[in-house]
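Before any comments, here is the structure.
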Amino acid sequence: MAEIARRAGISHTGLLHHFPRKESLLTAVLDLQDQHSAQYLATHSALAADADPLDMLRGMAATLIDRDRQPGLVELSAVLSGEATAAGHPAHAYFAERYRNIRRFLTRIFSRLGEEGRLSSDLPAETLASLVIATMDGLHTQWLFEREAVDVDVMVQQFLATLVPELPGSGQSAAAVGV
């Protein structure tokens, strides 16, 4: 914390005033990234009620690609979310809310796609949302151990294409296929 304060050009006491614990500071970093992702989705996938849920899913995938360009954030998220599984951890509520918000977002998308007959799965939308999150988290964990062997963007795209046949899943990078 003292080194961060020094690099930021403020006193250690000043940093502690805003972020009394290391976890508070790290959670703020992740929260800022979440805000950037939300802004991206708002400007690139037209989150209006009449927006195409497929466009919203593509927007979510694009935010994943953006986050993957910042390996330190992936590492931070993995470490802090693992630590925060304990109910008494200072970041526990943050991650619980984060997962709830992502599940709600994906559930809305899969509900709409299901209502429109565009899903290849009969699983409930809530289940699909949790499975997508588990897939992304699991792939990110594998990527942290062996970056050359795990292309998170391509694998998520391929997985989503099994659920939504309209999505390309040819094995190209997600950016190359228009996500």
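The values are calculated or read from the model by the stated rules, or taken from the named source; none is laboratory data. Computed from a predicted model, the values in this text were never measured in an experiment. Positions of Cβ are backbone-derived with ideal geometry, glycine not excepted, and every protein chain shown enters the neighbour counts. In case anyone asks, the SASA skips ligands and DNA or RNA and just uses the protein heavy atoms, side chains included. Shrake-Rupley method; radii C 1.70, N 1.55, O 1.52, S 1.80 Å.
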### Query
Residue check: is PHE95 over 12 Å from the mean Cα position of the chain (by Cα), in a helix (DSSP H, G or I) and modelled with pLDDT of 85 or more?
no
### Query
Just a yes or no: is a residue in the range 152-159 aromatic (Phe, Trp, Tyr) and at pLDDT 90 or above?
yes
### Task
Could you grab the pairs with beta carbons closer than 9 Å, sequence gap of 6+ or different chains, first residue in the range 140-164 and under 15 Å from ARG69 (Cα atoms) and open to solvent by 70 Å² or more (accessible area, probe 1.4 Å), second one assigned to a helix (DSSP H, G or I) and of a type in the set (Gly, Ala, Ser)?
none
### Task
Run down THR135, THR162 and say which single residue is within 17 Å of the chain's Cα centre (by Cα) and either within 20 Å of GLN35 (Cβ to Cβ) or in a helix (DSSP H, G or I) (or both).
THR135
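Select from the range 22-54 the residues that are modelled with pLDDT under 80 and either part of a loop (DSSP other than H, G, I, E, B) or at positive phi (or both) and list them in ascending order.
Of everything in the range 22-54, those that are modelled with pLDDT under 80 and either part of a loop (DSSP other than H, G, I, E, B) or at positive phi (or both) turn out to be SER45, ALA46, LEU47, ALA48, ALA49, ASP50, ALA51.
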### Query
Got a number for residues in the range 3-18 being out of contact with any Ser or Thr (no Cβ under 7 Å at 6 or more places or on another chain) and open to solvent by less than 60 Å² (accessible area, probe 1.4 Å)?
2
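Residue check: is ARG104 part of a helix (DSSP H, G or I) and either hydroxyl-bearing (Ser, Thr, Tyr) or at pLDDT below 95 (or both)? Show your work before the answer.
Values: part of a helix (DSSP H, G or I): yes; either hydroxyl-bearing (Ser, Thr, Tyr) or at pLDDT below 95 (or both): yes.
Taking the combined requirement at face value, the residue satisfies it.
Residue by residue, here is whether (1) buried (at least 16 other Cβ atoms within 10 Å of the Cβ); (2) touching a Ser or Thr at 6+ places or on another chain (Cβ under 7 Å); (3) assigned to a helix (DSSP H, G or I) holds:
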{"site": "MET56", "(1), (2), (3)": "yes, yes, yes"}
{"site": "ALA61", "(1), (2), (3)": "yes, no, yes"}
{"site": "SER77", "(1), (2), (3)": "yes, no, yes"}
{"site": "PHE110", "(1), (2), (3)": "yes, no, yes"}
{"site": "LEU119", "(1), (2), (3)": "yes, no, no"}
{"site": "ASP122", "(1), (2), (3)": "no, no, no"}
### Query
Just checking, which of GLU83, GLU126 is at pLDDT below 95 and open to solvent by 40 Å² or more (accessible area, probe 1.4 Å)?
GLU83
